[in-house]
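Peer 1: For reference, the structure I am asking about is given below.
The values are calculated or read from the model by the stated rules, or taken from the named source; none is laboratory data. None of the values given here were measured: they were computed from a predicted structure. Neighbour counts run over all protein chains shown; Cβ positions are idealised from the backbone, glycine included. Surface areas here come from the heavy atoms of the whole protein model, side chains and all, with no ligands, DNA or RNA. Shrake-Rupley method; radii C 1.70, N 1.55, O 1.52, S 1.80 Å.
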Amino acid sequence: MNQRERLIQLSIFYNGNWSKIAKGIATNEIVPHLPLKSPCITIYDAVYPDCLKRLRYPPWVLYYQGDISLLEKKCMTIVGSRELTDYGKRVTEVASSILSRKYVIVSGLAKGADATAHRTAILCGAKTIGVIASGLKIQYPSCNADLYKTMQKEHLIISEYPYDTGIQKHHFAWRNRILAALGEACIVTSAKVRSGTMLTVNEAINLSKDVWCFPYPFESEEGKGCNKLVQEGAFLLYDTKQLFDLVITHEQEKLQKI
């Protein structure tokens, strides 16, 4: 058994637990052989994204359904609340529709902003990546079953948890580091002051990624997080031209490489 195969077996045996896998690697632990139920890439593979290697705790293994080559493309992360106001839904749709012209849209396949970002990208004929907090067998929330079906065939769903791993509350916060790492920047369409969205933003800041936020009215609970981030130095999104500028910047970078 080579190093890559041993890593996959540790990941399956420990249900993707990062610390236990790390300990198993350090001690050359041999665990019982368990079946691999979905395709995967590991940190030892050439196709593993460099952006994830910059994380303090890069995922050891990524299990996937769909087109793994999407990880090689420029991505933009869009995050926001599960409970969206009409305004939150509208700005999420605007952000995804414009940015998906040149970027693969990354989000967390939750209800609310995540689902809206994914659906909008798909409706625009673009590509999208979902980073989930359970094994690929689990389609959570059930209201996104149609999204899962479409994305696992024509787009990409990834997880650091083996196929059968169930939902654990702490998995959601832990997976946010992957969401932050994959995007060239992080677009926040809605956020309360205390929320999983803010955890993703903190990860993006730790990686020196730009954070862009839509503004909300005074004392709006669903947008206080956005306003607070702007007050602390995040970029304020007040015009669609700013989103188009991000697209143009991407085009200029591509031309410079030719």
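Peer 1: Residue under question is Arg90, and the condition is that it be over 23 Å from Ile205 (Cα atoms), basic (Lys, Arg), out of contact with any Ser or Thr (no Cβ under 7 Å at 6 or more places or on another chain) and not in a strand (DSSP E or B); does it hold? Talk me through it step by step, then tell me what you get.
Peer 2: On the way: over 23 Å from Ile205 (Cα atoms): yes; basic (Lys, Arg): yes; out of contact with any Ser or Thr (no Cβ under 7 Å at 6 or more places or on another chain): yes; not in a strand (DSSP E or B): yes.
So Arg90 fits the description; yes.
Peer 1: Examine region 131-152 for a residue that is buried (at least 24 other Cβ atoms within 10 Å of the Cβ), among the β-branched types (Val, Ile, Thr), in contact with a Cys (Cβ under 9 Å, 6 or more places away or on another chain) and not in a loop (DSSP other than H, G, I, E, B), and state whether such a residue exists.
Peer 2: no
Peer 1: Could you list all residues from region 168-192 that are part of a loop (DSSP other than H, G, I, E, B) and either open to solvent by 70 Å² or more (accessible area, probe 1.4 Å) or acidic (Asp, Glu) (or both)?
Peer 2: Gln168, Glu184, Lys192
Peer 1: Shifting gears a bit: Go through (1) open to solvent by 30 Å² or more (accessible area, probe 1.4 Å); (2) at pLDDT 95 or above; (3) not hydrophobic (A, V, I, L, M, F, W, C) one by one and return the number of the condition Asn2 breaks.
Peer 2: (2)
Peer 1: Across region 112-130, which residue is most open to solvent (accessible area, probe 1.4 Å) among those that are aliphatic (A, V, I, L, M) and out of contact with any helix residue (DSSP H, G or I) (no Cβ under 6 Å at 6 or more places or on another chain)?
Peer 2: To start, the set of residues in region 112-130 that are aliphatic (A, V, I, L, M) comprises 113, 115, 117, 121-123, 126, 129.
Those left that are additionally out of contact with any helix residue (DSSP H, G or I) (no Cβ under 6 Å at 6 or more places or on another chain): 122-123, 126.
Values: Ile122: 47, Leu123: 152, Ala126: 14 Å².
Of everything passing the filter in region 112-130, Leu123 is most open to solvent (accessible area, probe 1.4 Å).
Peer 1: Here's a follow-up. Do the conditions hold for Ser96, that is, is it under 20 Å from Glu154 (Cα atoms), buried (at least 24 other Cβ atoms within 10 Å of the Cβ) and under 12 Å from the mean Cα position of the chain (by Cα)?
Peer 2: On the way: under 20 Å from Glu154 (Cα atoms): yes; buried (at least 24 other Cβ atoms within 10 Å of the Cβ): yes; under 12 Å from the mean Cα position of the chain (by Cα): no.
Judged against the criteria, Ser96 is not a match.
Peer 1: Please give the number of the condition Asn28 fails out of (1) exposed (fewer than 15 other Cβ atoms within 10 Å of the Cβ); (2) under 25 Å from Tyr148 (Cα atoms).
Peer 2: Tallying (1) exposed (fewer than 15 other Cβ atoms within 10 Å of the Cβ); (2) under 25 Å from Tyr148 (Cα atoms), Asn28 fails exactly one: (2).
Peer 1: Can you tell me which residues in region 196-226 are assigned to a helix (DSSP H, G or I), more than 16 Å from Asn176 (Cα to Cα) and open to solvent by 50 Å² or more (accessible area, probe 1.4 Å)? Explain how you work it out, then say what you get.
Peer 2: Narrowing region 196-226 to residues assigned to a helix (DSSP H, G or I): 196-206, 221-226.
Remaining after also requiring more than 16 Å from Asn176 (Cα to Cα): 221-226.
Those that are assigned to a helix (DSSP H, G or I), more than 16 Å from Asn176 (Cα to Cα) and open to solvent by 50 Å² or more (accessible area, probe 1.4 Å): Glu221, Glu222, Lys224.
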